[in-house]
Amino acid sequence: MSRQLLAMALAPLLGLFILGIGNGFLATLITLRLDAAGESPVVIGWVSSAYFIGLALGAMFNDRLLLRIGHIRAYGTFASLVAVTVLLQGLWLDPISWFGLRLIGGWATVGVYLVIESWLLTSGEAKVRGRLLALYMIALYAAGVLGQLLLGVTDAMGVTAPFMVIGMLASLSVLPMAMIPRVSPLIEHAEPLSPMRLITLTPTGVMGSFGSGLAVAAVYSLLPLYLQRIGLTVNQIGQMMAVVILGAMLLQYPIGRWSDRHDRQMVLILIGTFCTLISAGMLLLPPNIWVMAGLLFLLGGGVFALYPVAVGHAADRAPAGALVRMSQGLLLINAIGSTVSPPLISPVMAAVGDAGLFWAFGAMSIGMVAFFGWRRSVRPAPLPVAPFSPTTPMSSAGAELAVTEELMQGATEHEHVEDLSDAVPEVETVEPLVGPPPPDEAHIVYYEDEEPPHAASPDQERLPDETTSPSRG
């Protein structure tokens, strides 16, 4: 990556890192404070859900504000709102007020992500998007780990100190963006594919995205409640949450690269099975801090890998012209899953006890395994069309950032092998040729030790109903 490109990406990444430190432990802090005040798991679940409702609304509408006022002013607006909502939460504790503040905070937070992701999107050509996305992921996860570790430190300073620290960090995150002159680039508004069209195109991708939203929201919102009620201190809770995010950061890419070599549907089945076993381990194994840390590390790796593998699976099926709209649609599905997760799971914890969190995790994982297995038996997945790319669901611009040049090339070649003209009727696809791409057409080779997955055998050069290329579930 060139120095000029790194310099252009440095300001938004630094702003993301600063804000992410505070945002990394805010959800944990709110859960712990509500529980300490005697609120029920159901109330905690609804307050937590407000944040994800704000995320979903912001993901759909914040781009209009960004187009009107530009990147730098939009960032200052959103970051200031984040700071104000957090500081107001530090002034008094009231679940109804906190619900409204968390909703506004979620809306503003996804606006910050939209600015950063669209800035990165326009910083370089499509061929460098993968590297920019990797830097983005490193900044995001590193800030999350550091933020969780600061939870115990700030909590020891007093009741309002953590909220003050988070508010100051949100305000400070404006500085890198405001100090660098930059002409705000225009971003295009693309309507995401409707849920029904997504279900027709990729049922497995929809279920994986929805299930990921359920699981990730429960980790951020309800896992701290479980840890506090089994007797961990605030400092230990922060450390355990940091272990979860560290597992997500370190295991997501190896799992994704493994999915490049295998049937992604089978990988999703194995991830679901793995999460089921982790949930059983949390329920059955003796409460040892080191055993718990190991299980939570693995749980973070499995839960946070579910979404990017599901998106990768969906991309293997989508026409090239529908990749961005498909990614944005799956982002919305993921946000819906995150929104309904705390209100659905918190009553289980209220009814059967704190361990109800992992009973719910296990039930969700078994349900996803059953669904993925059924879809694989009905419509086996094709070979991956492009290398795995880590993905964090944040904004519509981030969905476009993840659509790399390799993914577009792979999807175009896939349209040659399988007629995708009816998959998304309103999206223009390449002329569906029966057989492999022409010999003179550029072909990206990303598997170093095997033949490209799109190279068609002589048996594939047949009529459409006789091709051996399996269709996507």
LEU57 vs (1) crowded, with 23+ Cβ neighbours inside 10 Å; (2) at pLDDT 85 or above; (3) within 21 Å of the chain's Cα centre (by Cα): all pass except (1)
Here are LEU330, LEU357: which of them is within 22 Å of TYR51 (Cβ to Cβ), at pLDDT below 90 and either under 15 Å from the mean Cα position of the chain (by Cα) or part of a helix (DSSP H, G or I) (or both)? LEU330
Of the residues VAL324, VAL234, VAL309, only one is under 26 Å from GLU191 (Cβ atoms) and open to solvent by 10 Å² or more (accessible area, probe 1.4 Å); which? VAL324
Would you point out which residue out of SER259, SER184, SER212 is crowded, with 20+ Cβ neighbours inside 10 Å and at pLDDT below 85? SER259
Name the pairs: first residue in segment 144-165 and on the phi > 0 side of the Ramachandran plot and part of a helix (DSSP H, G or I), second residue of a type outside the set (A, V, I, L, M, F, W, C) and modelled with pLDDT of 90 or more, Cβ to Cβ under 7 Å, at least 6 apart or on different chains? none
Quick check: is even one residue across segment 30-41 within 21 Å of the chain's Cα centre (by Cα) and either surrounded by fewer than 19 Cβ atoms within 10 Å (Cβ to Cβ) or outside any helix (DSSP H, G or I) (or both)? no
Scan segment 266-281 and tell me whether some residue there is assigned to a loop (DSSP other than H, G, I, E, B), open to solvent by 10 Å² or more (accessible area, probe 1.4 Å) and touching a residue at least 12 places away in the same chain (Cβ under 8 Å). no
If ILE18 satisfies all but one of (1) in contact (Cβ under 8 Å) with a residue 12 or more places away in the chain; (2) not in a helix (DSSP H, G or I), what's the number of the condition it fails? (2)
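Yes or no, residue by residue, for (1) outside any helix (DSSP H, G or I); (2) open to solvent by 70 Å² or more (accessible area, probe 1.4 Å); (3) touching a residue at least 40 places away in the same chain (Cβ under 8 Å):
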{"position": "ASN62", "(1), (2), (3)": "no, no, yes"}
{"position": "LEU67", "(1), (2), (3)": "no, yes, yes"}
{"position": "PHE78", "(1), (2), (3)": "no, no, no"}
{"position": "VAL82", "(1), (2), (3)": "no, no, yes"}
{"position": "VAL86", "(1), (2), (3)": "no, no, yes"}
{"position": "ARG102", "(1), (2), (3)": "no, no, yes"}
Based on what the data block shows, is ASP94 of a type in the set (Asp, Glu) and modelled with pLDDT under 90? no
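The values are calculated or read from the model by the stated rules, or taken from the named source; none is laboratory data. Everything numeric in this text was worked out from a predicted model, so none of it was measured. Here Cβ is always computed from backbone atoms with ideal geometry, including for glycine, and neighbour counts include all displayed protein chains. The accessibility values were calculated without ligands, DNA or RNA, using every heavy atom of the protein model including side chains. Shrake-Rupley method; radii C 1.70, N 1.55, O 1.52, S 1.80 Å.
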